[in-house]
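Okay, structure first, notes after.
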Amino acid sequence: MAERYPSYIEFRDVCKTFDRPVLVDVNFEVRAGETVAIIGRSGVGKSVSLGHIMGFLKPDKGRVIVAHTDITEAEEAELRRIRRKVTMVFQSGALFDSLTVGENILFSLELREDYSEKNRDEIVSGLLRMVDLEEHIDSYPADLSTGYKRAVAIARALAAQPECILYDEPTTMVDPIMSDHLGRLMLRLKSQLRLTSVVVTHDLDLMRLVADRVVFLHDGRVIYFGPVSGLDQAEHPHIREFMAMDRVQIS
């Protein structure tokens, strides 16, 4: 399967329409171990792209490859198999408010087919240590800042031992210090665990820190796909305007 579909994730001429076209002939790929950022203004199809990768949405046209497998017409049983390899960190964190931080992670751990109660406390503590939150193991989500909730959500995602993590706006509504912390955490996980990642973000500092390549969407179309360094030389007027607005905000 990997020979037929060498890229870990691939969109081939993907189209999706709701009340208007949201994705139009979208093509890009994510290699195993690579981080690709999807950027662009609100409403250009970034989160819809993540929905297709998770199999929550199906394209109207085109093919979607995930974990070296064509999932375009996959049945739910096959999608469940894929979702054991590919997990998503939602913008909200999607934590269970009635469970402590440690119990949230244990919930994900218990879903694993190879789960054993042996050393479970050590595993939970180790995952929280990995995201620098071990001291919050007995806290509840309501006690945590938005940034800490995202870090816990990342630890919970890691409990499933995924091959790939999808991040939906991980630094939205967090302060610059926590934004930098989350970015360096994502970079560390990529380096230590060799995770494949897709990051939807408006945060160009995060993009520059963690991404190997970037997909720039405008009106549902890919107007740039390539190395992050190439964005500054891109001639497309929408990319130039987007990058210029970022420089204005920084200054």
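Coordinate-derived values only; no laboratory data. Nothing here was measured: the structure is a model prediction, and the numbers come from that model. Reconstructed Cβ throughout: ideal geometry from the backbone, glycine too, with neighbour counts over all protein chains shown.
Annotations
- Gyration tensor verdict on region 124-184 (Cα atoms; rounded if a/c is under 1.5, prolate if a/b is larger than b/c, oblate otherwise): oblate
- Order of Glu235, Glu163 - criterion: other Cβ atoms within 10 Å of each residue's Cβ, fewest first: Glu235, Glu163
- Shape category assigned to region 94-161 from the gyration tensor of Cα positions, a/c cut at 1.5: prolate
- Total charge dipole magnitude, the chain, about the Cα centre, Cβ charges on Lys, Arg, Asp, Glu only, Debye to nearest 20: 520
- Under the span-like rule (Cα at least 24 Å along the axis, Kyte-Doolittle mean at least -0.5), DSSP H helices of the chain: 176-193
- By other beta-carbon atoms within 10 Å, ranking Ile137, Ile65 with the fewest at the front produces Ile137, Ile65.
- Of the chymotrypsin sites (Phe, Trp or Tyr not before Pro) found in region 67-108, those in coil by DSSP whose Cβ has at most 13 other Cβ atoms within 10 Å are Phe96.
- In the chain, the calculated helix contribution to ellipticity at 222 nm averages -11000 deg cm²/dmol per residue, counting -39,500 (n - 2.57) for every DSSP H run with n ≥ 4.
- Under the Karplus curve 6.51 cos²θ - 1.76 cosθ + 1.60, θ = phi - 60°, whole-Hz ³J(HN,Hα) for region 200-208, x wherever Gly or Pro sits: 8, 7, 9, 8, 6, 5, 5, 4, 5
- Summarising the strand pairing of the chain, around 55 percent of its internal DSSP beta bridges are antiparallel.
- Computed with the Debye formula from one identical point scatterer per Cα of region 51-139, without solvent, the log10 of I(q)/I(0) at q = 0.18, 0.25 Å⁻¹ comes to -0.90, -1.22.
- Dividing the alpha-carbon radius of gyration of the chain by the rule-of-thumb value 2.2 N^0.38 Å gives 1.01.
- Whole-percent pair-distance distribution, where bins are 10 Å wide, for the alpha carbons of region 1-85: 17, 53, 27, 3
- Length gained on full extension, Met54 to Ser139, computed as 0.36 nm times the residue gap minus the Cα-Cα distance: 27.6 nm.
- Legend: calculated FRET efficiency, Gln161 to Arg20, from the Cβ-Cβ distance at R0 = 45 Å, rounded to 0.05, equals 0.70.
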